[in-house]
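Novice: Before we start, here is the structure in question, set down as structure tokens.
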Amino acid sequence: MKRTINILVSIIMVAGLVSCNNGGNKRGNKGQGGLATNAAEKVYVAPGEHDEFYAFVSGGFSGQLSVYGLPSGRLFKVIPVFSQDPEKAYGYNEESKPMLETSYGFVPWGDSHHPDISQTNGELDGRWVFINENNTPRIARIDLTTFETAEILEVPNSAGNHSSSFVTENTEYVVAGTRFSVPIPQRDMPIKDYKGNFKGALSFISVDPESGSMAIKFQLLMPGFDYDLSHPGRDKSHGWFFFTTYNTEEANTLLEVNASQNDKDFIAAVNWKKIEEYVNNGGGTKVPANYAHNVYNDETHSATSTMLKEVLTVNPLDVPGAVYFLPTPKSPHGCDVDPTGEYIVGNGKLSADLTVHSFTKMLDAIEKKKFDGEAYGIPILKFEDVLAGVVKQPGLGPLHTEFDGKGNAYTTFFISSEVVKWKLGTWEVVDRQPVFYSVGHGMIPGGNSRKPFGKYFVALNKITKDRYLPTGPEVTQSAQLFDITGDKMELLLDFPTIGEPHYAAGIPAEIVAKNSKQIFKLSENKHPYATLTDGDARVERKGNEVHIYMTMIRSHFNPDNIEGVKVGDKVFFHVTNHEQDYDVPHGISMIGANTSELLIMPGQTETFIWYPKQPGVWPFYCPDFCSALHQEMQGYVRVSPAGSNTELKFSLGED
Ligand code: K7E
Ligand code: CUA
């Protein structure tokens, strides 16, 4: 058996190399070049025109979320989420630092994977984007009026928060499943005792329908498998959630071999409505936990971090009829549910065929108790009884499937580097297109919802090799845009991405753009250190702390001359941008500051700390070109030796 696996792994590796090398001949793709078709026209968005879709693209190991336009592939913004960002001072200024607090302390970076847009009645509503952090398990909510991270909730009892962060039809829940099973509660024990002792926590995080505020409603403590990906039921299967598993072998070492032994792993089907009811009636066990809940407030322009101390856990055996296992070949990765909610696609990485389960058949099999044994007390349904169909030999290494809402599915194949279009119900392959190279997820705007906008498919690729000008050993990952309105997919565009684009979420721009905020109202600024009028601009000393209450407007700081600061002081710059016009941020950069510059939006207040190290007269300036007199937007701080008695003074426009 081991040998077979090794051979399989070798074939996969060779296939990977071959596909990358073969695909390298750019001119070899007949009918796909810009000259052969009107591809260029289809992605051309004239200067001043807007794109039709937003695409929110995961930054992977950058920990961020980037915002692109489709079809142009233009980058609009990188939203800092789980990692510090000196461009916007996120995680550096005093206001946003609490966003990166965790039970492990301040964690300044993360690994983001799956953005998902909030829904109402199974359709994208464009209010929030959720995204998971894999390494230090967290879920973030990004507010699509500001395009800023509004909230981050840590997920306790989880490790490798990967089968996350997908939302149910009315955003009742955003779900976060653990990839690695661990001892729960964490404790010192031999690793070899994994089997039967570790658990996998699947967390159902409720989302307040008004504010979007997140709270863990319950954690389902499942057997110690790896929970790789998940998707909520839609429409008829609303109320259920599906999770792919691998390592049902519960191996704790050399997983590439030991977790590939079982012919089939499982898709876990979770009836969350049933568990919700159980929990609402007092079910479940509260256990001690320690996890951060970080919230950014748009009025105080500041974040707070609170440590939560308890979480409600549920043993699946206590809620009969809530959890079933659907056998699925072979170490499935993606777990995708079609817009009707009938089909559940298990993308078996090592399987020759693609397995599709039927929700109707699943309910029927449950009703008739057609079980094929159990795993840790959870009934296993018979494979044949839940199988809807099989897509025969569609490609090598299926990872993820998206849907166009017209009865077609699009599966990405990592090893054979292609996207394969097939028909739901007949399972026939109707088209395949190469991608360059080694595609992970694909994305169709709304492809996760009841109503996909089946115009484009975006392939999110791991390897680019020769597709762009070389940039040393590190080359960019990329996205490729396909037109999917015809029978055949047509490659339109390549564009580079920031970090690794694990997944993306797309939405028609018209749903989101109209809600986008242009300024923060100065009159609503409740920041405790805001300076709302120029008369309030001042400098105060409290022991060795100096607080500068500064304002900024085109094209000066108030005050711009400050004296009486001493070596050994801790100087707080609390800076308020008095502009009330769209697109007029100002920044402030202080020589020798050990954090970052600030970039402050109209009406907003931000703070950084500066430790003056040497006597002298030290300049600060605005780093964002804000007016014709931007270069004049500068000032000085006089720093005297420690212990000197230079008088504290501040001024603007005095000689
Ligand atoms: Cu396939 Cu993290 Cu969804 Cu990457 S994952 S590809
Ligand atoms: Cu303000 Cu440049």
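The values are calculated or read from the model by the stated rules, or taken from the named source; none is laboratory data. Predicted model only: the values in this text are computed from it and were never measured. Cβ: placed from backbone, ideal geometry, glycine included. Neighbour counts: every protein chain shown. Ligands, DNA and RNA are excluded from the accessible area calculation, which covers all protein heavy atoms including side chains. Shrake-Rupley method; radii C 1.70, N 1.55, O 1.52, S 1.80 Å.
Novice: Quickly run through the stretch 190-243 and pick out the residues that are among the acidic types (Asp, Glu) and either free of Cβ contacts under 8 Å to residues at least 24 places away in the same chain or open to solvent by 10 Å² or more (accessible area, probe 1.4 Å) (or both).
Specialist: Hits for the stretch 190-243 are Asp193, Asp208, Glu210, Asp235.
Novice: Additional query: How many residues are within 14 Å of ligand 2 (Cβ to nearest atom) and either surrounded by 14 or more Cβ atoms within 10 Å (Cβ to Cβ) or hydroxyl-bearing (Ser, Thr, Tyr) (or both) when one looks only at the stretch 629-655?
Specialist: 4
Novice: Please enumerate the residues belonging to the stretch 79-127 that are assigned to a strand (DSSP E or B), within 28 Å of Asn157 (Cα to Cα), in contact (Cβ under 8 Å) with a residue 60 or more places away in the chain and open to solvent by 20 Å² or more (accessible area, probe 1.4 Å).
Specialist: Glu101
Novice: Does the stretch 388-403 contain at least one residue that is part of a helix (DSSP H, G or I) and open to solvent by 10 Å² or more (accessible area, probe 1.4 Å)?
Specialist: So far as the stretch 388-403 goes, no, none of its residues is part of a helix (DSSP H, G or I) and open to solvent by 10 Å² or more (accessible area, probe 1.4 Å).
Novice: Considering the stretch 424-444 alone, what residues qualify as being over 12 Å from Ser478 (Cα atoms), out of contact with any Asp or Glu (no Cβ under 6 Å at 6 or more places or on another chain) and within 16 Å of ligand 1 (Cβ to nearest atom)?
Specialist: Once the filter is applied, which keeps residues that are over 12 Å from Ser478 (Cα atoms), out of contact with any Asp or Glu (no Cβ under 6 Å at 6 or more places or on another chain) and within 16 Å of ligand 1 (Cβ to nearest atom), the stretch 424-444 yields only Met443.
Novice: Now, a different point. Inspect all residues belonging to the stretch 568-576 and state whether any of them is of a type in the set (Ser, Thr, Tyr), open to solvent by 30 Å² or more (accessible area, probe 1.4 Å) and touching a residue at least 12 places away in the same chain (Cβ under 8 Å).
Specialist: Taking every residue of the stretch 568-576 in turn, none turns out to be of a type in the set (Ser, Thr, Tyr), open to solvent by 30 Å² or more (accessible area, probe 1.4 Å) and touching a residue at least 12 places away in the same chain (Cβ under 8 Å).
Novice: From the list Thr168, Thr178, Thr149, pick out the single residue that is in contact with a Ser or Thr (Cβ under 6 Å, 6 or more places away or on another chain) and open to solvent by less than 30 Å² (accessible area, probe 1.4 Å).
Specialist: Sole residue among the options that is in contact with a Ser or Thr (Cβ under 6 Å, 6 or more places away or on another chain) and open to solvent by less than 30 Å² (accessible area, probe 1.4 Å): Thr178.
Novice: Exactly one condition in (1) without any contact (Cβ under 8 Å) to a residue 60 or more places away in the chain; (2) surrounded by 24 or more Cβ atoms within 10 Å (Cβ to Cβ) is not met by Glu133; state its number.
Specialist: Every condition holds for Glu133 apart from (1).
Novice: Out of the residues in the stretch 59-79 meeting the condition of being more than 12 Å from the chain's Cα centre (by Cα) and closer than 17 Å to His441 by Cβ, tell me which one is farthest from ligand 2 (Cβ to nearest atom).
Specialist: Leu70
Novice: Okay, moving on. Within the stretch 576-608, which residues are more than 19 Å from Glu87 (Cβ to Cβ) and not in a loop (DSSP other than H, G, I, E, B)?
Specialist: Thr576
Novice: State all residues of the stretch 322-339 that are farther than 13 Å from Ala388 by Cα and within 25 Å of the chain's Cα centre (by Cα); if no residue qualifies, say none.
Specialist: Selection gives Ser331, Pro332, His333, Gly334, Cys335, Asp336, Pro339.
Novice: Sticking with this one: Does Glu545 satisfy being touching a residue at least 60 places away in the same chain (Cβ under 8 Å) and of a type in the set (Asp, Glu)?
Specialist: no
Okay, residues lined up against (1) within 16 Å of ligand 1 (Cβ to nearest atom); (2) crowded, with 17+ Cβ neighbours inside 10 Å; (3) hydrophobic (A, V, I, L, M, F, W, C):
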site: Gly587; (1), (2), (3): no, yes, no
site: Ala593; (1), (2), (3): no, yes, yes
site: Ser596; (1), (2), (3): no, yes, no
site: Pro612; (1), (2), (3): no, yes, no
site: Pro615; (1), (2), (3): no, no, no
site: Pro619; (1), (2), (3): no, no, no
site: Ser627; (1), (2), (3): no, no, no
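Novice: Right, next: Quick one: would you say Ile511 is more than 23 Å from His162 (Cβ to Cβ), open to solvent by 30 Å² or more (accessible area, probe 1.4 Å) and within 16 Å of ligand 2 (Cβ to nearest atom)?
Specialist: Judged against the criteria, Ile511 is not a match.
Novice: Can you name every residue in the stretch 550-582 that is polar (S, T, N, Q), within 15 Å of ligand 2 (Cβ to nearest atom) and in contact with a strand residue (DSSP E or B) (Cβ under 6 Å, 6 or more places away or on another chain)?
Specialist: Thr551, Asn558, Thr576, Asn577 - these are the residues of the stretch 550-582 that are polar (S, T, N, Q), within 15 Å of ligand 2 (Cβ to nearest atom) and in contact with a strand residue (DSSP E or B) (Cβ under 6 Å, 6 or more places away or on another chain).
Novice: Quick check, is Thr533 polar (S, T, N, Q), open to solvent by 20 Å² or more (accessible area, probe 1.4 Å) and either without any contact (Cβ under 8 Å) to a residue 60 or more places away in the chain or closer than 15 Å to Tyr437 by Cα (or both)?
Specialist: The answer is yes for Thr533.
Novice: Residues in the stretch 271-283: is at least one more than 23 Å from the chain's Cα centre (by Cα), in a loop (DSSP other than H, G, I, E, B), without any contact (Cβ under 8 Å) to a residue 60 or more places away in the chain and surrounded by fewer than 16 Cβ atoms within 10 Å (Cβ to Cβ)?
Specialist: yes
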